[in-house]
């Protein structure tokens, strides 16, 4: 008997060791936790750097939340909270006074699994249906409330109200959402329902909402933590550390999305085979690895995998695996909290939980299950603590402090309900970040209240400056009206009778086709459109495929020449051309030449262009009304050291279309959005009254910069637009260009900021020197540090936000107006083709389009909305309009060759006057021969009698 007892004891010890060895893989030593902290810190830094951000596992997403609440927020707001199977809609009323208060009313709606994993349209339609129900319930359907949207999934934000979904997490898989703007999808769903309207001010992560909620109670709260179904952290980072966001001053809340930590395999040393099994069976294998070790959505599943393994090995439940235990997701994380809550005298309650899962457990089984739950949840809390230690140490070092005192706002069922999670988390932070005193405050009201507070903070600033910017925001209805106005101006410009008074001149270019791939030759291209004059040598060859080689040189055009005499300007062009040809060793050649001349010209043929009016600061005298080709030829002839064959004059817009047409033969529209702005497109010849012929097409240079010169746009011009116009070189001219082009947008921003500063809304009311010399180009409004360097004034965070807000609205107005006028062109091209759907390419160039971080995206999206029956590809011109001029020249040269060959063929049919007189003489001789009896038989002209002896005399 003693031997049997000894054997049983040895067996039990062996079992115990197996269990302990299994759970030991979840135990993290202080050294391992320090390594996790160090690795997390590295990933935080990598996520903030522009170069390493794309490959960082911790994405450090900007939120465009620049400060926490300061207690002055007030108003009524609608808040949405989507982050799991429940969707919450709230009305939040914020009051200030003797005692600040926040009152909330909310309803919770379930999101069915088939919707979570259905289509994006179905998901957002359900969200809007819930909002509709809530507004009915609150009797607020006719009230347009500002809205904050807590959207608890990784988003790449480009503004407080713009966020593209990076990837779904937490069991969501709705299609056609990833990569798209969540706010746009919500707006479109609201529009589809057509029952109410909302002012969507902000989209926020639940972590950010939690931080804002707690910061309203504790101003030291600058970190948010979610420890529930998911796991994430946000914190207030210094702007100068966020390399991929413009601006250096102040702070911005960064959504770390630390759930992705480990996706680059730097946590493999602490992952267990159970973690890998859970990851492999998830909806997103290989993703969100840190979250799968720390969040409530996965901890129960890790426990289930361990219990199955221990049971298979005969260490648990007498080796019997029930069907329920085999069911994925059956062991919910709430069971961990409940099991760990019970002490040894409450084993019966623990067993009842296991029995509810179909598990018939002994007392020993219950102890083992409790140990498994403890090991898994302890590791989760320690990992969160190590990550938090990395964050607080970073904040301390950012601020140059030896000791940091800070508060973390926390939400999530794991933190709230688990009996030990919060304690282990706090202890770990204390051990790993000894120089930081970190308090944790529980969010009582959830992240919905935080969304309302973010909306209040954003709107508080917006309201103070929107009185200046309101007129620059356009609804789609207004943009469609502008489309219609521009369409009418296009038709006026094309009509022979209406063209003289049309503002949009619709100038024929005599370019009749885009490149077709047969172009070849050696060409010179000139490009004059600004202070820099460019000359190119373009070689187009056909070997295995068509290739283009280009060499170019840029010459500066001084201001005194730009605004001097026309003869000086063209002498300068000829001098630069001579220098270029000298360097290319081609002075002895007469290469075909194309001239990109980026000013409004009237063409009578391809190589004749009469300047109508100067733009872009040019004022050279004696040129308007003259043929620029003749002026250039005169200047070249005056030099006498080389000759030129100018075959084509084109606008830079036409050059851009031709450049892009070389790469994509569907390209039939060209746009410039840079210092100036213009558009061209291929129009049907039958619609161009000023040009003979009805067959085929011709490129029309719209010269749309003058749109509105007749007062057509007075209702949308602002006081700032009028002030810019009055101070320009050409008052009353090019009004559309002055609203949208890069040459004027910086000045527009400057005027708005001056007014705001005078009224005390910026820079403590000081109209400082900075504002008087503010940035010439809107793209460079990114260094508020400039203010600090040039003055004794340190701008506040609100000042920085306000400047950025003004820049955003001004540039978005430009993109929207360009989208409306381009929309008019696209609809005309579509109508010309009589096609139900337009498929076309728009060639585009210009520094504003290329360099502004959001301009192109806004333009594309607005065009898609305004012209839904189209598939438009926007193709950036990589080579500029000079290559396009060469393409036009190649086409003209080919046409000239064809004309020459035809002329040579027909030359023998051409008769001189002398030849015709000789024919007359010979014919006279043959007539005489035909009439003479002696020669009639041999005459070639027989002169046969008809016996008709008279013509009618009118007497019969």
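The values are calculated or read from the model by the stated rules, or taken from the named source; none is laboratory data. These figures come from a predicted structure and were not determined experimentally. Cβ atoms come from the backbone with ideal geometry, glycine included; neighbour counts cover every protein chain shown.
Name the residue, out of 350, 357, 346, 325, that is over 20 Å from residue 259 (Cβ atoms), at pLDDT below 85 and crowded, with 23+ Cβ neighbours inside 10 Å.
350
Based on what the data block shows, is residue 583 in contact with a helix residue (DSSP H, G or I) (Cβ under 8 Å, 6 or more places away or on another chain) and either free of Cβ contacts under 8 Å to residues at least 60 places away in the same chain or surrounded by fewer than 19 Cβ atoms within 10 Å (Cβ to Cβ) (or both)?
no
Within the range 257-270, restricting attention to residues that are part of a loop (DSSP other than H, G, I, E, B) and touching a helix residue (DSSP H, G or I) at 6+ places or on another chain (Cβ under 7 Å), which residue is nearest to residue 802 (Cα to Cα)?
Filtering first and then ranking leaves 261.
Evaluate the following for residue 694: is it under 18 Å from residue 486 (Cβ atoms), without any contact (Cβ under 8 Å) to a residue 40 or more places away in the chain and part of a loop (DSSP other than H, G, I, E, B)?
no
Of all residues in the range 29-69, which are outside any helix (DSSP H, G or I), touching a helix residue (DSSP H, G or I) at 6+ places or on another chain (Cβ under 7 Å) and surrounded by fewer than 17 Cβ atoms within 10 Å (Cβ to Cβ)?
52
For the range 407-437, enumerate the residues that are surrounded by fewer than 20 Cβ atoms within 10 Å (Cβ to Cβ) and not in a helix (DSSP H, G or I).
419, 420, 434, 435, 437
Looking at residue 314, is it surrounded by fewer than 14 Cβ atoms within 10 Å (Cβ to Cβ), in contact with a helix residue (DSSP H, G or I) (Cβ under 9 Å, 6 or more places away or on another chain), modelled with pLDDT under 90 and in a loop (DSSP other than H, G, I, E, B)?
yes
Do the conditions hold for residue 659, that is, is it crowded, with 16+ Cβ neighbours inside 10 Å and under 26 Å from residue 501 (Cβ atoms)? Don't jump to the end; show me each part of the working.
Numbers: crowded, with 16+ Cβ neighbours inside 10 Å: yes; under 26 Å from residue 501 (Cβ atoms): no.
No; evaluated as a whole, the condition is false for this residue.
Would you check which residues across the range 474-492 are out of contact with any helix residue (DSSP H, G or I) (no Cβ under 6 Å at 6 or more places or on another chain) and more than 22 Å from residue 199 (Cβ to Cβ) and list them?
Those that are out of contact with any helix residue (DSSP H, G or I) (no Cβ under 6 Å at 6 or more places or on another chain) and more than 22 Å from residue 199 (Cβ to Cβ): 484, 485, 488, 489, 490, 491, 492.
Among the numbered conditions (1) under 30 Å from residue 802 (Cα atoms); (2) surrounded by fewer than 21 Cβ atoms within 10 Å (Cβ to Cβ), tell me where residue 741 comes up short.
For residue 741, the exception is condition (2).
Tell me yes or no: at least one residue of the range 707-715 is more than 38 Å from the chain's Cα centre (by Cα), part of a loop (DSSP other than H, G, I, E, B), free of Cβ contacts under 8 Å to residues at least 60 places away in the same chain and surrounded by fewer than 23 Cβ atoms within 10 Å (Cβ to Cβ).
No, every residue in the range 707-715 fails to be more than 38 Å from the chain's Cα centre (by Cα), part of a loop (DSSP other than H, G, I, E, B), free of Cβ contacts under 8 Å to residues at least 60 places away in the same chain and surrounded by fewer than 23 Cβ atoms within 10 Å (Cβ to Cβ).
Residues of the range 812-848 being without any contact (Cβ under 8 Å) to a residue 60 or more places away in the chain and on the phi > 0 side of the Ramachandran plot, which ones?
834
Would you be able to say whether some residue in the range 376-394 is more than 17 Å from residue 230 (Cβ to Cβ), free of Cβ contacts under 8 Å to residues at least 60 places away in the same chain and within 44 Å of the chain's Cα centre (by Cα)?
no
In the list 179, 163, 209, which residue meets the criterion of being crowded, with 18+ Cβ neighbours inside 10 Å, under 25 Å from residue 858 (Cβ atoms) and modelled with pLDDT of 85 or more?
Just one listed residue meets the conditions, 163.
So which residues in the range 160-170 are part of a strand (DSSP E or B) and touching a helix residue (DSSP H, G or I) at 6+ places or on another chain (Cβ under 7 Å)?
Once the filter is applied, which keeps residues that are part of a strand (DSSP E or B) and touching a helix residue (DSSP H, G or I) at 6+ places or on another chain (Cβ under 7 Å), the range 160-170 yields 162, 163, 165.
For the range 590-609, how many residues meet the condition of being touching a residue at least 60 places away in the same chain (Cβ under 8 Å) and in a loop (DSSP other than H, G, I, E, B)?
Residues meeting the conditions: 6.
In the range 620-641, how many are surrounded by fewer than 18 Cβ atoms within 10 Å (Cβ to Cβ) and either in contact (Cβ under 8 Å) with a residue 24 or more places away in the chain or within 30 Å of residue 842 (Cβ to Cβ) (or both)?
Count: 7.
When you check residue 455 against the structure, is it buried (at least 20 other Cβ atoms within 10 Å of the Cβ) and either modelled with pLDDT of 95 or more or out of contact with any helix residue (DSSP H, G or I) (no Cβ under 6 Å at 6 or more places or on another chain) (or both), yes or no?
For residue 455, the condition - buried (at least 20 other Cβ atoms within 10 Å of the Cβ) and either modelled with pLDDT of 95 or more or out of contact with any helix residue (DSSP H, G or I) (no Cβ under 6 Å at 6 or more places or on another chain) (or both) - is met.
Please determine whether any residue of the range 914-924 is modelled with pLDDT of 90 or more and touching a strand residue (DSSP E or B) at 6+ places or on another chain (Cβ under 9 Å).
No: zero hits.
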